[in-house]
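The values are calculated or read from the model by the stated rules, or taken from the named source; none is laboratory data. Keep in mind the model is a prediction, meaning the values are calculated, not measured. Note that each Cβ is placed from the backbone with ideal geometry, even for glycine, and that neighbours are counted across all protein chains shown.
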Amino acid sequence: MTANDGPGRLSSRMPLEISSVVHSFGDRSALDSVSMDVAPGVLTGLLGPNGAGKTTLLRILLGVLVADGGGLRWGGRPIAAKDRQGWGYMPQERSLYSAMPAGEQLVYFGRLHGLSRADATRNTRALFEELGLGDRWGDRTDKLSGGMQQRLQLATSLVHDPDVIVLDEPFAGLDPVAVADLSDLLRDRARAGRVVLFSSHQLDLVQDLCEDIVMIDHGRTVLDGKVAELRASSGGRQLRLTVGAPDRMWIRRFPNVRVAEQHVDELRLDLPPGTDPLEVLDAARAAGPVYDFGLELPTLSQLFLAAVEEQPAAQVVKEVERT
Ligand SMILES: Nc1ncnc2c1ncn2[C@@H]1O[C@H](COP(=O)(O)OP(=O)(O)O)[C@@H](O)[C@H]1O
Ligand SMILES: [Mg+2]
């Protein structure tokens, strides 16, 4: 099922606005004034390590939890329970009826969202095709592989073609083919003008997928904006060179350029903002042959680490590895 974007849907193209949301569990703060806007048509990622507060924020957005403070608006108005009934939400804990056949299960969820049996069946067929569940209609849900069950779970949040799609860790545990399929699907829905927000702790897995991100850590926003701009403007760029000459004295002409790594014939140089990579490349070529080169932008996890560097580095690295 590709998203239906008939003219009647245009009025539903409304942004979600999350402002200064605060939440504590007992005396433990989980969200400390997190704000983000999710525009229709812009695939948006809520990123951060385990325990950052992502699930808590999504539960508040969906009305499963009530925030201690802050505001939630959709299309400029406070979000009402009725609005949320039309949304698609995939919680982090999966919840399917294990004995029910896969196709029937999805039709059932479509009916819960108010679709007629005919519409629910049609949308289920289309989603089964799109998600590669094609011939599993009659299989008991608990007989499907873990990856197939996850696709079915995802389908339950999409079967009614919602205007707002909120997915909590949809990529966790998926193999690379499933990651690619799900990425295509989310791009398709965003392109059709839906509000699409998903969370992930796998920062580098999703960096080519999301357009906008909000990165949180310990309940606070650490980075926020367009992925492309954040990566290009951060100053964390590296120039990689495969060189033939052992002489590296030429690097001294660039006092702000730092040698990040050097091997027999490979060099990695950190380029501070304002350094022209082509000038550095020219200097290397003047000193000897350059067989290969590339400009590498920092990954989202490197940006994350840089943004939280006031914390002890070892602790941060451990947290990222744990996730
Ligand atoms: N029901 C709960 N009771 C108490 N603490 C909770 C509860 N849910 C989450 N927390 C705590 O809130 C923080 C944020 O958790 P969560 O939102 O699940 O993070 P994330 O989804 O980013 O991994 C963590 O410290 C977590 O232990
Ligand atoms: Mg979570």
Any hit, segment 153-175, residues being of a type in the set (Gly, Ala, Ser) and surrounded by fewer than 17 Cβ atoms within 10 Å (Cβ to Cβ): yes
Matching option when the condition is over 25 Å from the mean Cα position of the chain (by Cα), of a type in the set (Gly, Ala, Ser), more than 16 Å from ligand 1 (Cβ to nearest atom) and closer than 30 Å to MET36 by Cβ, among GLY88, GLY114, GLY138: GLY114
Options ARG73, ARG59, ARG84: the member that is modelled with pLDDT of 95 or more, charged (D, E, K, R) and away from ligand 2 (no atom under 16 Å from the Cβ): ARG73
Hits in segment 60-73 (condition: touching a Phe, Trp or Tyr at 6+ places or on another chain (Cβ under 9 Å) and without any contact (Cβ under 8 Å) to a residue 40 or more places away in the chain): VAL64
Total residues in segment 140-196, condition farther than 20 Å from ALA81 by Cα, not in a helix (DSSP H, G or I) and not basic (Lys, Arg): 11
Tally, over segment 48-74, of residues that are more than 13 Å from ligand 1 (Cβ to nearest atom), surrounded by 16 or more Cβ atoms within 10 Å (Cβ to Cβ) and of a type in the set (Gly, Ala, Ser): 2
Per-region count, segment 26-43, residues surrounded by fewer than 21 Cβ atoms within 10 Å (Cβ to Cβ), assigned to a strand (DSSP E or B), in contact (Cβ under 8 Å) with a residue 40 or more places away in the chain and away from ligand 1 (no atom under 12 Å from the Cβ): 3
Flag if VAL177 is without any contact (Cβ under 8 Å) to a residue 60 or more places away in the chain and more than 14 Å from THR55 (Cα to Cα): yes
Enumeration of residues in segment 89-117 that are among the basic types (Lys, Arg) and touching a helix residue (DSSP H, G or I) at 6+ places or on another chain (Cβ under 6 Å): ARG94, ARG111
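May I ask you to list the residues in segment 81-107 that are in a helix (DSSP H, G or I) and more than 23 Å from ARG194 (Cα to Cα)?
If the condition is that a residue be in a helix (DSSP H, G or I) and more than 23 Å from ARG194 (Cα to Cα), then ALA102, GLY103, GLU104, GLN105 are the ones that fit.
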Test: residue in segment 129-147 that is touching a residue at least 24 places away in the same chain (Cβ under 8 Å) and closer than 27 Å to ILE18 by Cα: no
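Here's a check for you: in segment 180-202, which residue that is among the hydrophobic types (A, V, I, L, M, F, W, C), in contact (Cβ under 8 Å) with a residue 24 or more places away in the chain and more than 16 Å from ligand 2 (Cβ to nearest atom) is surrounded by the most Cβ atoms within 10 Å (Cβ to Cβ)?
Out of the qualifying residues, it is VAL196.
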Segment 216-248, residues that are of a type outside the set (S, T, N, Q), more than 28 Å from SER199 (Cβ to Cβ) and either touching a residue at least 60 places away in the same chain (Cβ under 8 Å) or buried (at least 16 other Cβ atoms within 10 Å of the Cβ) (or both): LEU239, LEU241, VAL243
Residue within segment 247-268 that is more than 18 Å from SER301 (Cβ to Cβ), among the small types (Gly, Ala, Ser) and in contact with a strand residue (DSSP E or B) (Cβ under 9 Å, 6 or more places away or on another chain) present: no
Residue count, segment 175-222 (criterion: away from ligand 1 (no atom under 14 Å from the Cβ) and more than 14 Å from the chain's Cα centre (by Cα)): 11
Hits in segment 236-256 (condition: touching a helix residue (DSSP H, G or I) at 6+ places or on another chain (Cβ under 9 Å) and not β-branched (Val, Ile, Thr)): GLY236, ARG237, LEU239, LEU241, ALA245, ASP247, ARG248, MET249, TRP250, ARG253, PHE254
Residue that is modelled with the highest pLDDT [pool: residues in segment 203-235 that are within 16 Å of ligand 2 (Cβ to nearest atom) and part of a helix (DSSP H, G or I)]: LEU203
Residue within segment 38-54 that is charged (D, E, K, R), more than 16 Å from ligand 2 (Cβ to nearest atom) and on the phi < 0 side of the Ramachandran plot present: no
